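Colleague: Take this structure first; my questions come after.
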Amino acid sequence: MHILAIETTGPYCSAAVINGDAEVVEITSEQTLSHLQSLTVMIGDVLQEAGTTLKDLAAIAVSEGPGSFTGVRIGVSTARGISQVLGTKLIAVPTLEAFGTYESSLIGDEKTLVCPVFDARRHQVYAAGCTGTEETVKGGPYMIDEFLGMLSGYDRISFVGDGVKNYGDIIRGWAETCGKSIEMDERTQHAAGVAQLGLRLFRKGEFKEYNDLVPNYMRKAEAERKLDAKKAAAAVQAEAEK
């Protein structure tokens, strides 16, 4: 039994295959933001390395977001396309939970809270807190201070993700003030984490139909927000002219 895992939400595209014994084969691109050019080739390479084929897959697990809007769309669209052609089962994998629980498994200490933190700009982050295989602080879009305020019950915290680069000073200052023991690393999400959580969801029978697998952006794109603002302003103007 093999599951293909796809991760395109971060700067580096990656693909992995996991078997029923939770053994993972993974390939990661060496260039950033090369998802569209690299993903199809990487899928072929990782399947060959794992000794399986697309038509023999038990399921495809895809990182559903949040993350790069374009990257999320590429990964989800690729998974949907394969499923549409071959009828392969689909698994929607929450990106923050996959990254956080995978990093927690590497640490092997359930007293350390692992917090994936992605830069969402404008002092916002996509973030969560994970211990072991559980998401203990709900993943979502937060102001950085708001998220840190949710971590008061944890003494040892590991922050990972591209958000560490831009918000590291804020996190460090908060930790010093609150007396927290922290670690920070800018490493980013990859398909091995998607594969591990995908396998757990596969065993629970948590599959998505083709039409139900959609990106989870967790917030609207900038263009959508601007359009909503224009519509709201136009409605106010129209009401004032009555």
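Colleague: If you restrict to DSSP beta bridges whose two residues both lie in the chain, what percentage is antiparallel, to the nearest 5? Before the final figure, lay out the partial values.
Modeller: Working: 24 of 43 bridges.
Here the antiparallel bridges make up roughly 55 percent for the chain.
Colleague: Still on this structure, I have one more. Taking only Cα atoms and a 10 Å spring cutoff, compute GNM fluctuations for the chain and point out the largest among ASP155, ASP56, ASP21.
Modeller: Among ASP155, ASP56, ASP21, the largest GNM mean-square fluctuation belongs to ASP21.
Colleague: Just order 24-35, 203-214 by mean Cβ neighbour count inside 10 Å, highest at the front, would you?
Modeller: Per-residue mean Cβ counts within 10 Å order the peptides as 24-35, 203-214.
Colleague: Show me 124-131, 164-171 ranked by packing, highest mean number of other Cβ atoms within 10 Å first.
Modeller: Values: 124-131: 25.2, 164-171: 16.5.
Those peptides, ordered most packed to least, come out 124-131, 164-171.
Colleague: I've got another one for you. Can you give me the long-range amide H partners of GLU183? Hydrogens built in the peptide plane at 1.01 Å from N, cutoff under 5 Å, separation of 5 or more residues or another chain.
Modeller: ILE157, SER158, PHE159
Colleague: Sorted from largest down, what three extents in whole angstroms do the Cα atoms of the stretch 128-183 have along their principal axes?
Modeller: 28, 21, 18
Colleague: While we're here: What is the Å³ per residue value for the convex hull set by the Cα atoms of the chain? Present the calculation step by step, with values, prior to reporting the outcome.
Modeller: Working: hull volume 36.3 nm³, N = 242.
Normalising the Cα hull of the chain by residue number yields 150 Å³.
Colleague: Given only helices, namely DSSP H runs of n ≥ 4 each adding -39500 (n - 2.57), what is the per-residue ellipticity at 222 nm of the chain, to the nearest 500 deg cm²/dmol? Please report the intermediate quantities before stating the final value.
Modeller: Working: 7 runs with 101 residues, N = 242.
Rounded to the nearest 500, it is -13500 deg cm²/dmol.
Colleague: Moving on. Pairs of alpha-carbon atoms within less than 8 angstrom and 6+ residues apart define the contacts here; what relative contact order does the stretch 21-177 have, in percent? Please report the intermediate quantities before stating the final value.
Modeller: Numbers: 214 pairs, mean separation 25.1, N = 157.
Relative contact order of the stretch 21-177: 16 percent.
Colleague: Which entries of LYS138/LYS204; LYS165/LYS208; LYS111/LYS138; LYS165/LYS204 show an alpha-carbon separation above 26 angstrom in the structure shown?
Modeller: Working: LYS138/LYS204 20 Å; LYS165/LYS208 34 Å; LYS111/LYS138 17 Å; LYS165/LYS204 36 Å.
Over 26 Å Cα-Cα: LYS165/LYS208; LYS165/LYS204.
Colleague: Where the only charges are on Cβ atoms (+1 Lys, Arg; -1 Asp, Glu), what is the dipole of the chain about its Cα centre, to the nearest 20 debye? Don't skip to the answer; put the middle values down first.
Modeller: Details: 24 positive and 33 negative charges, 167 e Å.
Using only the charged Cβ atoms, the result is roughly 800 debye.
Colleague: Further question: Pick from GLY75, GLY51, GLY132: which residue has the top mean-square fluctuation in a GNM of the chain where Cα pairs under 10 Å get a spring?
Modeller: Ranking GLY75, GLY51, GLY132 by mean-square fluctuation puts GLY51 first.
Read-outs: derived from the displayed coordinates by stated rules, not from any lab. This one's a predicted model, so the numbers in the text were calculated from it and none came from an experiment. Don't worry about glycine lacking a Cβ; one is built from the backbone with ideal geometry, like all the others, and counts go over all protein chains shown.
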